[in-house]
Structure formats: C-alpha cells, structure tokens
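Data block below; observations after.
Laboratory data are not the source of any read-out in this text; all were calculated from the coordinates shown. Note that the structure is a prediction, hence the values are computed from the model and not measured. Cβ placement follows ideal geometry from the backbone for every residue including glycine, while neighbour counts extend to all protein chains displayed.
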Amino acid sequence: MRLALTGGGTGGHIIPALAVMEAVQARLGGTAEVCFFGPDDRGERARVEAAHVRFVTVPSAAVRGRGPLGLARSAWRLLQGAFAATRALRAFKPDAVFSTGGYGSFPGSLAARLLRRPLVVYLPDVHPGWAVKAERLLATRMTTTTEAALEFLPRKKTVVTGYPVRASFFATDRAAARLKFGADPSERLVVVAGATQGATAINNAVLAGLESLLSLAVVHHVTGAAGLAAAEAACAALPGALRPRYRVAAFRDDLPELMVAADLGVFRAGASVLGEVPAAALPSILIPATYAGGHQRNNARWLADAGAAIVLEETELAGLASRVSELLLSPERLEMMRESARALARPDAAGAIAGVVLEVARK
C-alpha cells in the first residue's frame, strides 16, 4: 500500500498524521510506503523526516486574516501548491491520501480529488478551520476528535474517533514517571507548555509569579526556543532553595511522560490537548490563543465542560499563579478533574482512523 499524508501549519497537524501512519504500518506489518506532502516553512520537514518518512515540499499559504494584497499572494501560493501536489501525487500513485487539515493540507487534498484518489480528512479541533471546511467537500470519508464537531461536518461520511496521540501516553505508568522526574509522593509537579513554538504571554505570566508557584510545586517549563533565555535568567536569579524547583527547556521529547507524572498542566488549547490531556489524565488550565479565528476557545471549552480543565483567558493571565495555587491546594477537585480527563481518553483513536484509511484504500 502507498499512503500519502498531508497537513501543516502547526505541530497539531503533524503529530496525528504520524500517529495514524504508525497505526497503518502496525496493521500492515510495516509494508506501507508513506510520503508526506506539505509546506516546510514551520519545521514540518524536520518532524516528518525524524519519523523516517519521506517529505515532498508542496507550497501553501494561510488565508485567514490576510488583507487584499496578502490574499492575492496566498492565492498564488495555493495555486502553485495545487500544481506541485498534483504532479507529486501522480508520480507517487497513493492508494489513499490522509489529511489532517491546516492550510498546508489544502493543495494535497485538492490534488487527491483531481486525481480521483480516496481522501480521508481528519478534523483535530472542535471547530473546523477554513481548510477543513473546504476539504469536507472533497473528502471520501471524514474523521474527527469529538461529537461536538459533528454539527460542522457531513454526518453520513464522518466517524468520531478521538485524537490520535503518541503511544507513549498509554504506555507510561504514573508512579514510574514520577520516580523518573524525582517527584516523591508528597511533591506537587506542574508542567507548563505554551505550544510547539512556545507562548510568550504564558511564559511571561509564569515568570511574573515564579516564586509563588515554586513555593507550592516543582515547575517544569517548556518555553519554546524564543523564551528559553529569559527563563534561564529568571532561574539564575532565584533564591538558592528555589532554583532546583524550576526546570526549563525549549522543548521536551519526554513530554508525554512528564504530563502523566504531573499534578497540573498549563497549556494553550491547540488540537493536541483534546487527545493528550485525556491520555495523560491531567487536570489542566487552558489559555486559548486568540489567533486563527479563536478556534482554541472551542477546544478549551469542550474540556472544561467535561470537567477536565478550567479556562483562563489571555486577558486574565495576571492571575495565573493564583489559579494554579487554588487548584494545587484543592486535592479533591484535582482528583475529580483527573477522573473527568481520564474518561475522555480514546486509546484506540489512531487505530480507528487507520481502519477508515485502509477501508477506502481497498475500494
């Protein structure tokens, strides 16, 4: 079997594509030939090639929020991308194309339709962006994370699967993970991760309330590359007793284990939280970003309505330390949130989507 993957714009589109690819390979004994088609201007190539998947560059561009001149440039890039994707897919001859949305996916998805190749589109978020809104007209089948998304999608060809997360979330024992990070049973552990590229507003809020946070918990802060220097300087300026309690890194390959070990998470509300927060059974404070049409607010609200998280708007970030303290000092509430998050977990999500991909490929 030959499987084409497409998606891009953020890591939230790359991670599920690779998770589904792994599930397809598992079902086929590793015999599938896989190639990723998408833009490579936001780190997509490095992520994909690190998973030993061939990457073919297909130009694309965002449309949302552009003025007239920007829209013209984006339209030209999308047209270039459609031609490039059509040539590349014709040469690759995929049995199926799997799209995870984002502006990077549109040229490949359009090419799949033009070439009459089966197209499975996955909506990671609760609310579709412009790319998935367009691709729902092109798709052979659709899959999505939550039932809440069904009102925006063609129900007859859509399956609710959950968000496909890395297998390490479900392979990690919480007690063993806490031991790995040196957290004894009485120690509180908080993980802060703004997004793939970090989040300046969240980083600044953590630094503003740092000593207050560290008086209650060990804080693992994933800053992104741009925020690392400021966090390291803040760490160096801490009193000696607090310094070891603040652990900073630009990125963490072991984030799944860290999330499983933690007592509380502080995150943006990109699509990945819909799968990773339940998979880690992690009570969370979610700060939705206001860009890209504010779709993160819908993601955050879905988890909050289920009792797994609380929502803190960016305008309220001055109160981040106090909200963290409030939750850490309420162990019963944290445990209720943990159980609510665990109830949302879908360990079979990647396999379920892989099943849909293989089904359309065989027709």
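For residue 210, what is the net charge nearby, where nearby means another residue's Cβ is under 13 Å from its Cβ and Lys, Arg count +1, Asp, Glu -1? List each step's numbers first, then the result.
Working: positive: 243, 245, 247; negative: 211, 232.
So the surrounding residues net to +1.
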Cα centroid distance between the range 212-268 and the range 42-93, in Å? 35
Order the peptides 185-191, 18-24, 213-219, 46-52 from the highest to the lowest mean number of other Cβ atoms within 10 Å of their residues. 18-24, 213-219, 185-191, 46-52
Out of 344, 79, 119, any idea which swings most in a Gaussian network model of the chain, alpha carbons joined below 10 Å? 79
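What Kirkwood Rh does the chain have if only Cα atoms enter the pairwise 1/r average? Answer in Å. Show your work: numbers first, answer last.
Values: mean 1/r = 0.0477 Å⁻¹.
Result for the chain stands at 21.0 Å.
Tell me the relative contact order for the range 168-343 as a rounded percent, counting alpha carbon contacts under 8 Å between residues six or more apart. If you can, show how the numbers build up before the last one.
Details: 317 pairs, mean separation 41.6, N = 176.
Relative contact order of the range 168-343: 24 percent.
Calculate for the chain the 222 nm mean residue ellipticity that helices alone would give, adding -39,500 (n - 2.57) per DSSP H run of length 4 or more and normalising by residue count, nearest 500 deg cm²/dmol. List each step's numbers first, then the result.
Values: 15 runs with 157 residues, N = 363.
Taking each H run of at least 4 residues, the total per residue is -13000 deg cm²/dmol.
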To the nearest 20 debye, what charge dipole does the chain have about its Cα centre, counting +1 at the Cβ of each Lys and Arg and -1 at the Cβ of each Asp and Glu? 1680
Scan around residue 158 for amide H atoms under 5 Å from its own, H built in the peptide plane at 1.01 Å from N, and keep only partners 5 or more places away or cross-chain. 142
Restricting to Cα pairs below 8 Å that are 6+ residues apart, what does the relative contact order work out to for the chain? Please round to a whole percent. 17
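In the range 108-205, how does Rg compare with the Kirkwood Rh, expressed as the Rg/Rh ratio over alpha carbon atoms?
Working: Rg = 19.4 Å, Rh = 16.9 Å.
Rg divided by Rh gives 1.15.
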Do me a favour and compute the ellipsoid semi-axes for the range 168-343 from its Cα gyration tensor, root of five times each eigenvalue, largest one first, whole Å. 22, 20, 15
Residue among 70, 12, 29 with the largest mean-square fluctuation in a Gaussian network model of the chain, springs linking Cα atoms under 10 Å: 29
What's the percent breakdown of Cα-Cα distances in the range 22-151 across 5 Å bins, shortest bin first? 2, 11, 18, 22, 22, 15, 7, 2, 1, 0
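Mind ordering 80-91, 220-231 by average Cβ neighbours within 10 Å, highest first? Working shown, then result.
Details: 80-91: 18.2, 220-231: 19.8.
Packing order, densest peptide first, comes out as 220-231, 80-91.
Beyond 21 Å, what percent of the Cα pairs of the range 232-325 remain? Walk me through the intermediate numbers first.
Values: 1767 of 4371 pairs.
Of the Cα pairs, 40 percent sit more than 21 Å apart.
What is the extension gain from residue 147 to residue 215, computed as 0.36 nm multiplied by their sequence separation minus the C-alpha to C-alpha distance, in nm to one decimal?
Numbers: separation 68, 0.36 × 68 = 24.48 nm, distance 4.02 nm.
Fully extending the segment from residue 147 to residue 215 adds 20.5 nm.
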Please find, in a Gaussian network model of the chain (springs between Cα atoms separated by less than 10 Å), the residue of 193, 262, 250 whose mean-square fluctuation is greatest. 250
Sort 144-155, 99-110, 322-333 for me by packing, meaning the mean count of neighbouring Cβ atoms within 10 Å per residue, highest on top. 99-110, 144-155, 322-333
